[in-house]
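Some notes on the structure that comes next.
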Amino acid sequence: MHTLKYLLLVIAVGALAACASPVPVDSLADAHDGHIVFASFTPGGTGEFLSRGAEAHKVLISGELSVPGGGTSVVPAVIILHGSSGVNPGERVWAQRMNALGYASFVVDSFTGRGIRNTEKDQSQLAMTADIADAYAALRLLSTDSRIDRRRIAVMGFSRGGVAALYSTLAPFHDVAVDGTLRFAAHVAFYPSCGIAYDARQVDGAPVLMLLGGKDDYTPAAPCAAYAQALRAKGVSVTLKAYPQAYHGFDRPTALRTVSQATSARDCHGTYDLDRRQFTMLRDGESLTGAAAVEESRRCLSRGVTLGGDPQAQAESPTDVAAFLKRAFE
C-alpha cells in the first residue's frame with residue numbers, strides 16, 4: 001500500500017513538473033533543440049521602441065528550435081515569424097523545409113506569452129514593432145548557439161510576421177535591438193503590409209525577398225512593389241516575386257475563404273519616418289501628422305479579406321525561397 005502511494009506521488013510530481021513553465025534562457029551554449037522560452041519586450045508603439053522605453057516591458061515568449069545534422073557541423077538558421085492567427089501548421093511546414101535544406105529553423109511564437117490568441121479582428125492588441133523586437137531577440141539568442149553560424153541567420157515572416165521580416169532591415173530598429181556587428185543575413189517577407197510603411201535613410205545591407213499575391217485584398221501588392229523600389233534606391237538588393245492569381249496566405253494548402261471581420265489597411269497610405277520619428281498619413285492628397293495622422297490610421301481601416309492557397313505559389317514559393325537563401329548564405 002505504501003509502495004502504491006509512493007508511486008502515485010511520483011507520478012503526480014512528474015505531472016506537475018511537466019506542466020511547470022520552462023525556465024527562460026538567454027544563451028544556447030548547451031545546444032538544445034525543442035521548445036525554448038526566452039525574453040523579449042513589448043513596445044507600445046514605434047516611438048517607445050526607438051527610445052528604448054519598451055525595455056522596461058519585458059515579456060517571456062517562446063520558440064521551437066530544430067537544428068539538422070545533430071550539431072555535427074555549423075549551419076545557417078532561419079527565424080520564422082507567424083501572422084495574425086498565430087503559429088499554425090504553415091509555419092511548421094516551412095521549418096521542415098528549412099531543415100531539409102540543411103538550415104536550422106526557429107519558429108517564434110509572439111502571441112502565447114503575451115496572452116494573445118489572434119489579432120485578425122484587432123491588430124491594436126499588439127504593436128507591429130513587438131514582432132520586430134521578437135525577431136531581434138531571436139537573433140541574439142541563436143547567435144549564442146555554437147551549432148549555428150551567427151553570420152548566416154535569416155528572418156522569414158508571414159503577413160504581420162512579414163512586416164517584421166521586411167522592416168527589420170532598417171538600421172534604427174537594428175541599432176536599438178542589437179549591439180555590435182550582429183545582423184540578419186537576409187530578410188524574406190511573405191505578403192507584408194506596406195500601405196503604412198516604416199522608412200529610414202540607413203539599412204542593414206542584407207538582401208530582401210518579397211513574395212506577394214497579385215489578388216491580395218488584405219495586404220495588396222502594389223504598395224510593396226513601390227517600397228521595393230525605395231529600398232533599391234538605398235542600395236538594397238531586393239528580389240520581388242508576385243504570383244498573379246494569388247490571394248493572402250497563398251503558400252498554404254487551404255481553400256479560398258472570406259474572413260468578414262478581419263481588418264485591413266489596404267486603403268491606408270502613410271509613413272513612419274524612423275529618423276525624424278514622425279508619423280505621416282495621406283488623405284485626399286493632404287499630409288496629416290500628430291493626432292490627425294493617428295486618427296486617419298484608424299479611419300482608413302476596412303473589414304473583410306480573402307484568404308487561401310494558390311497552386312502556382314504553393315509550387316514555386318519553396319523553390320524561390322531556397323534559391324534566394326542559397327545566394328544569401330554563400
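The values are calculated or read from the model by the stated rules, or taken from the named source; none is laboratory data. Note that this is a predicted model, so its numbers are computed, not measured. We place every Cβ from the backbone using ideal geometry, glycine too, and count neighbours over all the protein chains shown. Protein only, heavy atoms only, side chains kept; ligands, DNA and RNA dropped before computing areas. Shrake-Rupley method; radii C 1.70, N 1.55, O 1.52, S 1.80 Å.
Out of the range 152-193, which residues are β-branched (V, I, T), within 24 Å of P89 (Cβ to Cβ) and not in a strand (DSSP E or B)?
V163
Inside the range 136-151, can you point out the residues that are touching a helix residue (DSSP H, G or I) at 6+ places or on another chain (Cβ under 6 Å) and in a helix (DSSP H, G or I)?
Passing the criteria: only Y136.
Filter the range 157-176 for residues that are of a type in the set (A, V, I, L, M) and in contact with a strand residue (DSSP E or B) (Cβ under 9 Å, 6 or more places away or on another chain) and give the result.
If the condition is that a residue be of a type in the set (A, V, I, L, M) and in contact with a strand residue (DSSP E or B) (Cβ under 9 Å, 6 or more places away or on another chain), then V163, A164, A165, L166, L170, A171 are the ones that fit.
Of the residues in the range 102-135, how many are part of a helix (DSSP H, G or I), more than 22 Å from R327 (Cα to Cα) and not acidic (D, E)?
11
State whether one or more residues within the range 13-25 are modelled with pLDDT of 85 or more, within 30 Å of Q96 (Cβ to Cβ), outside any loop (DSSP other than H, G, I, E, B) and aliphatic (A, V, I, L, M).
Scanning the range 13-25 turns up no residue that is modelled with pLDDT of 85 or more, within 30 Å of Q96 (Cβ to Cβ), outside any loop (DSSP other than H, G, I, E, B) and aliphatic (A, V, I, L, M).
Considering the range 88-99 alone, what residues qualify as being open to solvent by less than 40 Å² (accessible area, probe 1.4 Å) and in contact with a helix residue (DSSP H, G or I) (Cβ under 9 Å, 6 or more places away or on another chain)?
E91, W94, M98, N99
When the residues of the range 200-229 are filtered to those that are in contact with a helix residue (DSSP H, G or I) (Cβ under 7 Å, 6 or more places away or on another chain) and farther than 19 Å from Y243 by Cβ, which remaining residue is most open to solvent (accessible area, probe 1.4 Å)?
Q202
Please give the number of the condition G102 fails out of (1) open to solvent by 20 Å² or more (accessible area, probe 1.4 Å); (2) more than 18 Å from D33 (Cβ to Cβ).
Checking G102 against (1) open to solvent by 20 Å² or more (accessible area, probe 1.4 Å); (2) more than 18 Å from D33 (Cβ to Cβ), the one that fails is (2).
Within the range 29-40, restricting attention to residues that are at pLDDT 95 or above and of a type in the set (A, V, I, L, M, F, W, C), which residue is nearest to V107 (Cα to Cα)?
Among those residues, the one meeting the criterion is I36.
Within the bounds of the range 106-115, is there any residue that is open to solvent by less than 10 Å² (accessible area, probe 1.4 Å), over 24 Å from A206 (Cα atoms) and in contact with a helix residue (DSSP H, G or I) (Cβ under 8 Å, 6 or more places away or on another chain)?
no
Anything in the range 30-46 that is in contact with a helix residue (DSSP H, G or I) (Cβ under 8 Å, 6 or more places away or on another chain) and either open to solvent by less than 40 Å² (accessible area, probe 1.4 Å) or not in a strand (DSSP E or B) (or both)? List them, or say none.
Listed by number, the residues that qualify are A31, I36, V37, F38, S40, F41, T42, P43, G44, G45, T46.
Which ones in the range 47-67 are at pLDDT 95 or above and either among the β-branched types (V, I, T) or open to solvent by 30 Å² or more (accessible area, probe 1.4 Å) (or both)?
Correct list: V59, L60, I61, E64, S66, V67.
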